[in-house]
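So the structure is just underneath, and the comments pick up after that.
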Amino acid sequence: MSDGAPAGQPLIHPGQWNIHYDYAVGDTARQFFTDLRDHARIMGRRCPGCQAVLVPPRAYCERCFVKTTDWVEVGPLGTIEAFTIVYEPFDGLPRPPYVVAYVTLDGASTAMANFVTGVDLSVPAAAAQRLALGNRVEAVFADPREGLITDFHFRLA
Amino acid sequence: MVSQRVGILGGAQTALVGRRDDVRLEELVFEAARAALADAGMVRDELDTIVMAGADQMDGRSISSMMAACPAGAYLKDEIRTTVEGSYAAVLACLRILSGEFETALAITWSKTSEGPYDLISTLSYDPFYHRPLAFNDVVEAAAVASSYAGPRGDLAEAAPVVVAKNRGNGAANPRAFLREAITPEAVSSSRYVAYPIRRAEVPQACDGAVALVLGSQRRALRSARPPVWIQGFGWGTGDYGVGAKVPAEFGGLRAAAAMAYARAGIRDPGRELDFAEVFDGTPYHEILAYEALGLAAAGGGPAFALDGSSARGGACPVNPSGGVQSANLRFASGLSRILEAYLQLSHRAGPVQLAAPAQGLAHGATTYPAQSHAVFVMRNS
């Protein structure tokens with residue numbers, strides 16, 4: 001393949017990116033994270049067009065393409081829409097096993113992701129049955145809270 | 001309906017290997033571009049525009065097309081790069097030809113993700129506020145999405161290993177594939193879960209490589225060195241990002257892309273009118289859902305379409321006769337490889353994996369595992 005170059009060991013030069021960002025959360029998500037931190041409640045935004053309650057909140061409805069308006073409290077109970085049980089380790093992710101699920105909180109129109117705790121994960125099929133689509137979960141709030149998405153997680157209701 | 005068709009004049013793919021240490025990224029690009037031009041019997045002077053698809057974070061270089069453009073043939077020529085999956089290089093190249101401004105185009109994409117920590121890099125795609133702190137990456141998201149499909153499809157977990165075994169069996173015969181060993185459904189279903197319901201043997205090892213196609217206007221294609229293959233219709237579509245939807249992704253983007261491609265190509269009954277399909281099968285769940293989204297199987301009928309052999313070689317509509325992504329996981333670039341494999345089938349140049357006499361086929365590309373954006377091509381050889 002390397003025409004004209006003598007055979008030899010590959011030469012590898014290392015490279016590294018270590019870049020810090022300061023992401024602006026925006027006013028809409030700021031309100032969401034403030035409510036989560038200070039009042040342990042999960043708030044969504046209602047679209048004035050289709051009336052969908054978007055959770056996590058967005059400043060706009062991408063389908064109706066209008067600004068969202070009112071705040072609506074949702075949950076803390078909800079329904080599992082999708083889940084996975086992570087069994088293998090990945091770079092930059094927590095030590096397995098753990099569960100992440102998409103849950104539609106009561107009163108919301110969209111699903112929101114978070115960790116699910118309190119399920120015995122040692123037998124995958126049995127764990128999957130407990131996490132089956134349609135099963136009910138409840139949001140549990142951390143104490144103290146930092147205004148981050150990890151201020152709450154789900155457990156089976 | 002497109003009044004003018006775009007023709008494929010030639011194409012090539014570099015050998016796919018786990019890691020290419022003998023070439024740097026630009027040299028890999030050059031290798032594919034030269035080979036595609038040679039296949040089309042053309043020289044660089046005959047190219048009007050160069051269309052690239054690549055993603056900086058995977059290439060480990062920002063604005064990676066800065067260095068890739070000229071080895072792709074773009075020196076002092078029109079060139080443009082999209083950071084959507086490889087199949088979008090073909091979408092954009094077709095559009096540029098149909099604009100009437102360009103007679104010929106080289107569509108090219110590449111993948112050399114052996115050089116970086118891909119799983120970690122894939123976490124960068126996630127929303128930094130709501131998703132990234134929650135341990136998502138490509139495989140974790142794909143697994144969650146797969147679980148949401150399983151609800152109305154009780155036979156999905158049974159069909160997934162059959163799809164992997166089918167594609168790896170096809171790939172074992174394909175000299176252009178990377179993974180060339182067949183695997184049994186039993187071996188797939190006894191491999192460990194990576195992220196339930198996805199098993200280790202359902203996530204193919206990635207490879208390095210580059211793919212290029214030479215495209216031309218109808219007028220130019222009619223005087224090409226080889227008999228052209230015609231793009232009868234193409235379409236593309238983007239669904240919800242996970243955060244906005246109830247179910248993370250029901251392949252809405254693929255349904256939109258297929259509807260657009262079928263309308264342009266005049267396809268009414270894809271299951272009957274398509275002789276084969278090359279689809280994104282990063283996991284078997286993607287392929288099974290594609291059967292439904294492409295209209296090859298009825299809604300909810302995806303698993304049965306695999307289990308009854310409809311998608312196998314010799315079935316009603318063979319899917320991934322090349323071995324698919326399961327046998328050649330060119331991350332973020334595999335869609336153009338699917339188009340190349342469909343082109344080779346329709347040119348009767350697919351070698352040991354050649355189907356008997358295909359006249360019309362489909363190729364599909366998707367934006368890796370969460371599969372938000374999709375492109376679909378309907379191709380004919382007459």
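Sort B:12-20, B:339-347 for me by packing, meaning the mean count of neighbouring Cβ atoms within 10 Å per residue, highest on top.
B:339-347, B:12-20
Would you calculate a helix-derived [θ] at 222 nm for chain A, using -39,500 (n - 2.57) for each DSSP H run of n ≥ 4 and dividing by the full residue count, to the nearest 500?
Per the formula, -3500 deg cm²/dmol.
Report the convex hull volume per residue for region B:19-161, counting only C-alpha atoms, in Å³. Intermediate results must be reported in sequence, preceding the final value.
Values: hull volume 25.6 nm³, N = 143.
Cα convex hull per residue, to the nearest whole number: 179 Å³.
Quick check: the distance between the Cα centres of region B:5-31 and region B:94-153, to the nearest angstrom?
20
Looking only at other chains, what is the average number of their beta-carbon atoms within 10 angstrom of each beta-carbon in B:120-130?
4
Considering only DSSP beta bridges whose two residues both sit in region A:27-156, what percent are antiparallel, to the nearest 5?
On the way: 29 of 31 bridges.
DSSP beta bridges in region A:27-156 are roughly 95 percent antiparallel.
Taking only C-alpha pairs under 8 Å that are 6+ residues apart, what is the relative contact order of chain B in percent?
The value is 24 percent.
For every helix of n ≥ 4 consecutive DSSP H residues, a contribution of -39,500 (n - 2.57) applies; sum these over chain B, divide by its total residues, and give [θ] at 222 nm rounded to the nearest 500 deg cm²/dmol.
Only helices count here, giving -9500 deg cm²/dmol.
How fast does region A:27-156 diffuse by Stokes-Einstein, in µm²/s, taking the Kirkwood radius from C-alpha pairs at 25 °C and 0.890 mPa s?
Reported coefficient: 159 µm²/s.
Under 10 Å, Cα contacts only: if you run a Gaussian network model on chain B, which one of B:356, B:316, B:93 comes out with the highest mean-square fluctuation?
Among B:356, B:316, B:93, the largest GNM mean-square fluctuation belongs to B:356.
Straight-line reach from residue B:112: which aspartates and glutamates have Cα under 13 Å away, leaving out those fewer than 8 places along the same chain?
B:21, B:22, B:26, B:27, B:56, B:59, B:208
Using alpha carbons only, what's the Rg to Rh ratio of region B:213-351 with Rh from Kirkwood?
For region B:213-351, the value is 0.97.
Return the Rg/Rh ratio of chain B with Cα-based radii and a Kirkwood Rh.
0.94
About the Cα centre of region B:233-380, what is the dipole size in debye to 20, counting +1 per Lys and Arg Cβ and -1 per Asp and Glu Cβ, all else neutral?
280
Taking the Cα atoms of the protein assembly as shown, report the difference between the largest and smallest coordinate on each principal axis, in whole Å and largest first.
70, 53, 50
In whole angstrom, note down how far apart the Cα centers of region B:159-184 and region A:59-110 are.
35
Please report the buried accessible area for the interface of B with A, total over both chains, probe 1.4 Å, in Å² to the nearest 100.
Details: alone 14270 and 10840 Å², together 21340 Å².
Buried area (both sides, nearest 100 Å²): 3800 Å².
Along the charge dipole of region A:27-156, Cβ charges K/R +1 and D/E -1, which of A:44, A:126, A:93 sits furthest on the positive end?
A:44
Leaving out same-chain residues fewer than 8 places away, which aspartates and glutamates sit with a Cα under 14 Å from that of residue A:67?
Leaving aside aspartates and glutamates fewer than 8 places away in the same chain, those within reach of residue A:67 are A:27.
What cysteines in the protein assembly as shown have no other cysteine with a beta carbon less than 4.7 Å from their beta carbon?
Singleton cysteines: A:50, B:70, B:94, B:207, B:317.
The values are calculated or read from the model by the stated rules, or taken from the named source; none is laboratory data. As the structure is a computational prediction, the values presented were derived from the model and not from experiment. With ideal geometry, Cβ positions are generated from the backbone for all residues, glycine too; neighbour counts draw on all protein chains shown. Remember, those area values only see protein heavy atoms, side chains included, never the ligands or the DNA or RNA. Shrake-Rupley method; radii C 1.70, N 1.55, O 1.52, S 1.80 Å.
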